[in-house]
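For reference, the structure I am asking about is given below.
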Amino acid sequence: MKILVTGFDPFGGEPVNPSIETVKRLPDMIAGAEIIKLEIPTVCHKSLKVIDMAISQYVPDVILSIGQAGGRADITVERVGINIDDCPIPDNEGNQIIDEPVAEDGPAAYFVTVPVKAMVQRIRSKDIPASVSNTAGTFVCNHVTYGVCHLIAEKYPGKRSGFIHIPYLPGQVVNKKSVPSMSQDMMVEAVIAAIEAIVDTKEDIKVVGGKAH
Ligand code: PCA
């Protein structure tokens, strides 16, 4: 199995983005799967173009994208991407798309096709806090969550994709009051655990992971 793992460049005035820092630190093989690492720009449509090129170049079986969710306290495995760009801040090329679809001709939403519950369970088994998330937001991370599902539906049938949001690194919150963070080593261990679950889960497990609100 071959897995393309993507991470974003820094955005929003932050000097680093833990997502690409985590991707860079992954081993080249996880649970027998070959890991291809890719940096993508925090730019709405360009991020998907870079992923599309990498899919045709490396022909991975799974595309797993990682993004920073500053303010979240745990590792969140995203369940769904929605067909809307409603950017709260400009992306790294200064574009702030408001209320436009990611894909003109696409459905309202796609569920990811990696086993989200098994991934969360595996991360927690390493004593790392993790949960299922039902929104990747409406910025570039949702654009990629939705957009990779749409690419697969239109152009790369049979491939699977998913998205994991990770918190800030401790160094990013030194001057932010009461904002949660997670160590770099823990984030790497969490993504490795999630990838192991992707490799060896045939059908997702049915365990509680939903939320009342
Ligand atoms: N996080 C942003 C975009 C890039 C990233 O790492 C997001 O959550 O949309």
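The values are calculated or read from the model by the stated rules, or taken from the named source; none is laboratory data. All values derive from a computational prediction rather than experimental measurement. Virtual Cβ from ideal backbone geometry, glycine too; neighbours counted across all protein chains shown. The area values use the complete protein model at the heavy-atom level, side chains included, leaving out ligands, DNA and RNA. Shrake-Rupley method; radii C 1.70, N 1.55, O 1.52, S 1.80 Å.
Do you know which residues across the stretch 94-112 are within 15 Å of the ligand (Cβ to nearest atom) and either surrounded by fewer than 12 Cβ atoms within 10 Å (Cβ to Cβ) or free of Cβ contacts under 8 Å to residues at least 24 places away in the same chain (or both)?
Gly94, Gln96, Ile98
Looking at the structure I just gave you, is Gly7 within 15 Å of the ligand (Cβ to nearest atom), of a type outside the set (S, T, N, Q) and assigned to a strand (DSSP E or B)?
The answer is yes for Gly7.
In addition: Restricting to strands (runs of 3 or more DSSP E) lying wholly in the stretch 31-146: which have 3 or more residues that are touching a helix residue (DSSP H, G or I) at 6+ places or on another chain (Cβ under 7 Å)?
Answer list for the stretch 31-146: 33-40, 62-68, 75-78, 130-133.
Restricting attention to the stretch 147-183, which residues are in a helix (DSSP H, G or I) and out of contact with any strand residue (DSSP E or B) (no Cβ under 9 Å at 6 or more places or on another chain)?
Glu154 - this is the single residue of the stretch 147-183 that is in a helix (DSSP H, G or I) and out of contact with any strand residue (DSSP E or B) (no Cβ under 9 Å at 6 or more places or on another chain).
Any idea which residue in the stretch 10-38 is most open to solvent (accessible area, probe 1.4 Å), counting only those that are among the acidic types (Asp, Glu) and away from the ligand (no atom under 11 Å from the Cβ)?
Asp28
Between a residue in the stretch 3-23 that is in contact (Cβ under 8 Å) with a residue 24 or more places away in the chain and any residue that is more than 8 Å from the ligand (Cβ to nearest atom) and of a type in the set (Gly, Ala, Ser), which pairs come within a Cβ distance under 7 Å, given they are 6 or more apart or on different chains?
These pairs meet every condition: Ile3/Ala33; Leu4/Ala54; Thr6/Ser65.
For the stretch 140-155, what are the residues that are in contact with a Pro (Cβ under 9 Å, 6 or more places away or on another chain) and open to solvent by 30 Å² or more (accessible area, probe 1.4 Å)?
Ala153
Can you report the number of residues in the stretch 156-168 which are closer than 14 Å to Val5 by Cα, surrounded by fewer than 24 Cβ atoms within 10 Å (Cβ to Cβ) and away from the ligand (no atom under 15 Å from the Cβ)?
Summing the residues that are closer than 14 Å to Val5 by Cα, surrounded by fewer than 24 Cβ atoms within 10 Å (Cβ to Cβ) and away from the ligand (no atom under 15 Å from the Cβ) in the stretch 156-168 gives 2.
Could you grab the pairs with beta carbons closer than 8 Å, sequence gap of 6+ or different chains, first residue in the stretch 35-46 and closer than 21 Å to Gly12 by Cβ and modelled with pLDDT of 95 or more, second one open to solvent by 30 Å² or more (accessible area, probe 1.4 Å) and of a type in the set (Asp, Glu)?
Matching pairs, first to second residue: Glu39/Asp9; Ile40/Asp9; Pro41/Asp9; Pro41/Glu93; Thr42/Asp9; Val43/Glu93; Lys46/Glu93.
Would you call Ser181 free of Cβ contacts under 8 Å to residues at least 60 places away in the same chain and farther than 18 Å from Pro101 by Cβ?
The answer is yes for Ser181.
Another question, if that's okay. Would you pick out the residues in the stretch 176-213 that are more than 19 Å from the chain's Cα centre (by Cα) and polar (S, T, N, Q)?
Within the stretch 176-213, Ser178 is the sole residue that qualifies.
Looking only at the stretch 44-78, count every residue that is within 11 Å of the ligand (Cβ to nearest atom) and open to solvent by 10 Å² or more (accessible area, probe 1.4 Å) and tell me the total.
Looking only at that region, the number is 5.
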